[in-house]
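Asks: After the structure tokens below, expect a handful of questions from me.
The values are calculated or read from the model by the stated rules, or taken from the named source; none is laboratory data. Since the model is a prediction, treat every value here as computed from it, not as a measurement. Every residue, glycine among them, receives a Cβ derived from its backbone with ideal geometry; neighbour counts consider all protein chains shown. Side chains included, ligands, DNA and RNA excluded: accessible areas come from the protein's heavy atoms. Shrake-Rupley method; radii C 1.70, N 1.55, O 1.52, S 1.80 Å.
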Amino acid sequence: MNLVHKYEGGEVQATRIDHGLYMELRAVYGSLTDRLLEMLTYPPKRLYLRVNTLRARREEVIESLRRRGVEVRSDDLLEEAIYIELEGPYQVRDHGRRVVVDDIAAESLMMGANLYRPGVVAYDVFKKGDVLTAVTKNGVVVAELEASVSSDQLKSMRRGLVAVNVRPVYRAPPIAELPEFKEGLVYPQSFPSMVAGRLVSPGSELVVDMNASPGGKTGHIVQLSRGRALVVAVDRSVGKVEKLVENLARLHLTTNVLPVPFDSRFLDLVTLLENRVGKVLIDPPCTNLGVRPKLSFKKTLRDAVNLADYQRQFMKVARRILRPGGVLVYSTCTLTRVENEENILYATRSLGLEPLDLGWVPRADKVYLDEATAYRFHPLKDDMPGFFIAVLRKP
């Protein structure tokens, strides 16, 4: 099936979605599937930030941002959450001189970020100061840029600023350039991701974050426990853990955190952890179908099935390291059944974990499985990203 991006002033064809993956989503969303996929190509209207309440009160941060001209509001359901209303969509013109960018850069450019060398795939000849049109490999126009270098200079660049974003499809403040970000007072984090941290409900206990980088949920756990939880923050590469450490240091949320570069599918080999952990958070690699805006759908149903098997390996280990009565919070930023509902049924039927019915979870749809409940966030409800959460207990 073809997906079409509809912006003010016209339509630009985007990409096709794998038929098997489309039918997998249709099994969940039925006649609303096409509308769901269309909404995934737009960002949510609210850009959420988490206030680091161990360093400042929410009201103080709001006042500080407003003094800088950033119109920010407090969320009415999470006391650490604030948000900025995105402006747009705006019509973006094609000026003829194009720079082709990868999907990660395109999604950032669409929201107002500047263009840096790693995101450039191809480009026309241009001079410094020229107006360029940023497009995806599929031809989706995402921003008008002013070149900071010439195309001749770009040839020898490995990193650095290539062009300044002068007209994106949507406009938001440059969060990473704000003093409040640099001082560790705020962290960009989606509403569902903050809910996942809340459901961990950490106290003075041992908590393992099995997929911790870049550190948003780890920092939230430190914040919610006021540094009382001992958090083992694990990710599979040194580079990922370095990014985690960098973010936690900026936020001043390093108390009782042990960062570990390790494949957490083998944590059960660390015998000191077996049957000792109070809470485990699994936010594993997934098909990322709920991330918005999504300008291409490259994943297939086979990818989803393979990732589901990979995700179950984390769940097996979580079962072994949890103490009796310990709690597993499982979350993904995707929408497939195989990575979400079917994995929860695997956890209950094959691993013997007990699902917890939490009643009401803010801005989520409650999902009823055969013997379990879980919670889905999606664009069709409250303009959320796609996200899934389930909470299970070891008997």
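Asks: Just a yes or no: is a residue in the stretch 324-333 touching a Ser or Thr at 6+ places or on another chain (Cβ under 7 Å) and either open to solvent by 30 Å² or more (accessible area, probe 1.4 Å) or without any contact (Cβ under 8 Å) to a residue 60 or more places away in the chain (or both)?
Replies: Checked the stretch 324-333: no residue is touching a Ser or Thr at 6+ places or on another chain (Cβ under 7 Å) and either open to solvent by 30 Å² or more (accessible area, probe 1.4 Å) or without any contact (Cβ under 8 Å) to a residue 60 or more places away in the chain (or both).
Asks: Take the stretch 59-107 and flag every residue that is touching a strand residue (DSSP E or B) at 6+ places or on another chain (Cβ under 9 Å), closer than 19 Å to Pro188 by Cβ and among the small types (Gly, Ala, Ser).
Replies: Of everything in the stretch 59-107, those that are touching a strand residue (DSSP E or B) at 6+ places or on another chain (Cβ under 9 Å), closer than 19 Å to Pro188 by Cβ and among the small types (Gly, Ala, Ser) turn out to be Ser74, Ala81, Gly88, Ala105, Ala106.
Asks: Evaluate the following for Lys217: is it closer than 28 Å to Arg323 by Cβ, in contact with a helix residue (DSSP H, G or I) (Cβ under 8 Å, 6 or more places away or on another chain), of a type in the set (D, E, K, R) and part of a helix (DSSP H, G or I)?
Replies: Yes; evaluated as a whole, the condition is true for this residue.
Asks: Here is a further query. Can you name the number of the only condition in (1) assigned to a helix (DSSP H, G or I); (2) touching a residue at least 12 places away in the same chain (Cβ under 8 Å) that Leu281 fails?
Replies: (1)
Asks: Which of (1) within 18 Å of Arg171 (Cβ to Cβ); (2) open to solvent by 30 Å² or more (accessible area, probe 1.4 Å); (3) without any contact (Cβ under 8 Å) to a residue 24 or more places away in the chain does Glu107 not meet, given it meets every other one?
Replies: Here Glu107 meets the rest and fails (3).
Asks: Can Gly160 be described as touching a helix residue (DSSP H, G or I) at 6+ places or on another chain (Cβ under 9 Å), open to solvent by 20 Å² or more (accessible area, probe 1.4 Å) and among the small types (Gly, Ala, Ser)?
Replies: The answer is yes for Gly160.
Asks: Are there any pairs, at least 6 apart or on different chains, whose C-beta atoms fall under 8 Å, with the first in the stretch 241-252 and over 10 Å from Pro214 (Cβ atoms) and the second open to solvent by 90 Å² or more (accessible area, probe 1.4 Å) and in a helix (DSSP H, G or I), and if so, which?
Replies: Here the result reads Arg250/Lys182, each pair linking the stretch 241-252 to a residue that is open to solvent by 90 Å² or more (accessible area, probe 1.4 Å) and in a helix (DSSP H, G or I).
Asks: Just the residues that are open to solvent by 30 Å² or more (accessible area, probe 1.4 Å) and either without any contact (Cβ under 8 Å) to a residue 40 or more places away in the chain or not hydroxyl-bearing (Ser, Thr, Tyr) (or both), please, taken from the stretch 186-214.
Replies: Pro188, Arg198, Leu199, Ser204, Glu205, Leu206, Pro214 - these are the residues of the stretch 186-214 that are open to solvent by 30 Å² or more (accessible area, probe 1.4 Å) and either without any contact (Cβ under 8 Å) to a residue 40 or more places away in the chain or not hydroxyl-bearing (Ser, Thr, Tyr) (or both).
Asks: Going by the structure shown, is Ser74 without any contact (Cβ under 8 Å) to a residue 12 or more places away in the chain and open to solvent by 20 Å² or more (accessible area, probe 1.4 Å)?
Replies: No; evaluated as a whole, the condition is false for this residue.
Asks: Every residue in the stretch 110-140 that is under 18 Å from Lys298 (Cα atoms) and open to solvent by 40 Å² or more (accessible area, probe 1.4 Å), please.
Replies: Val121, Lys137, Asn138
Asks: From the residues in the stretch 226-250 that are assigned to a loop (DSSP other than H, G, I, E, B) and open to solvent by less than 80 Å² (accessible area, probe 1.4 Å), which one is nearest to Leu267 (Cα to Cα)?
Replies: Within the stretch 226-250, the match that is nearest to Leu267 (Cα to Cα) is Ser237.
Asks: Same structure again: Can you give me the number of residues within the stretch 251-274 that are in a helix (DSSP H, G or I), of a type in the set (D, E, K, R) and open to solvent by 40 Å² or more (accessible area, probe 1.4 Å)?
Replies: The qualifying residues number 1.
Asks: Here is a follow-up. Does at least one position in the stretch 262-278 carry a residue that is among the hydrophobic types (A, V, I, L, M, F, W, C) and within 22 Å of the chain's Cα centre (by Cα)?
Replies: There is at least one residue in the stretch 262-278 that is among the hydrophobic types (A, V, I, L, M, F, W, C) and within 22 Å of the chain's Cα centre (by Cα).
Asks: Taking the condition of being among the polar types (S, T, N, Q) and either at pLDDT 95 or above or closer than 22 Å to Arg16 by Cα (or both), how many residues in the stretch 100-132 meet it?
Replies: Going through the stretch 100-132 one residue at a time, the tally reaches 1.
Asks: What do you reckon, is Val338 open to solvent by 10 Å² or more (accessible area, probe 1.4 Å), in contact (Cβ under 8 Å) with a residue 60 or more places away in the chain, in a strand (DSSP E or B) and touching a helix residue (DSSP H, G or I) at 6+ places or on another chain (Cβ under 9 Å)?
Replies: When the stated conditions are applied, Val338 does not pass them.
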